[in-house]
Amino acid sequence: MNSTPLERVSGTAALLAPVLLLASTVAFSTLGGGIGVGAVAGVALVFAMIMFAIALVGLARRAEPVAPRAAAAVTAFGLAGTAGGVGFGIDSIQAQLFGTPGLDEVSLAGVIALRVGVLFPLSMIALAVLLGVTGRAPRALAATLAVAAALFPVARIGGLLPVGIASDLLFVAAMGGLGLGLIRGTSRPARQDRREPVAA
């Protein structure tokens with residue numbers, strides 16, 4: 001195994017994140033009151049977003065030798081987006097436990113705080129493009145990740161469970177492949193193949 005400790009931790013997180021996301025979507029429909037309302041689903045979503053944050057760090061570093069600025073930007077916006085996702089998870093918990101509407105429905109502060117979550121799918125699409133363009137991931141995996149991220153807000157905003165399930169399964173496929181690459185240490189190019197960083 002040629003991976004670093006960070007790659008192994010990030011790779012493991014990449015495997016767990018979409019599974020937890022799928023569990024939260026299923027829990028929203030079976031144990032909660034739909035997407036956005038549910039204690040069990042909210043807990044699963046919180047931990048899914050934490051795992052996505054850890055995975056994002058390792059995945060973005062794949063492209064850092066070639067595109068350091070783009071990798072830094074994707075990391076920053078991605079971490080902000082996962083923080084918003086954690087907020088949505090906590091909001092979902094209180095919505096079921098106390099029977100109250102979402103904070104973004106009753107407060108401008110809630111809108112401002114929770115809408116940062118929109119950065120999550122946008123940053124995942126950016127990550128997919130970054131990995132695909134720099135050749136740090138197979139283009140099929142990068143494309144799958146991009147489609148999964150594009151479907152994510154469609155399902156959540158519209159409350160469309162089938163679309164949410166489809167998005168989550170695509171995340172499982174894409175993140176699973178990328179995570180295994182990190183764990184095995186196959187994501188880093190050979191030393192002699194490293195190129196000079198570009199401005200991106």
Checking the conditions here, which among Gly36, Gly85 is at positive phi, buried (at least 18 other Cβ atoms within 10 Å of the Cβ), in contact (Cβ under 8 Å) with a residue 12 or more places away in the chain and not β-branched (Val, Ile, Thr)? Gly36
Does the range 21-74 hold any residues that are closer than 15 Å to Gly176 by Cα and touching a Phe, Trp or Tyr at 6+ places or on another chain (Cβ under 9 Å), and which are they? Leu21, Leu22, Phe52
Taking the range 55-72, which residues are within 12 Å of the chain's Cα centre (by Cα) and surrounded by fewer than 20 Cβ atoms within 10 Å (Cβ to Cβ)? Val57
Here are Pro65, Pro121: which of them is outside any helix (DSSP H, G or I) and on the phi < 0 side of the Ramachandran plot? Pro65
Looking only at the range 108-116, decide whether some residue is surrounded by 22 or more Cβ atoms within 10 Å (Cβ to Cβ) and among the charged types (D, E, K, R). no
Any chance Thr75 is modelled with pLDDT of 95 or more and either within 18 Å of the chain's Cα centre (by Cα) or surrounded by fewer than 17 Cβ atoms within 10 Å (Cβ to Cβ) (or both): yes
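The values are calculated or read from the model by the stated rules, or taken from the named source; none is laboratory data. What you see is a predicted model, and the numbers here were worked out from it, not measured in a lab. Methodologically, a virtual Cβ is constructed for each residue, glycine included, from the backbone with ideal geometry; neighbour enumeration extends over all protein chains shown.
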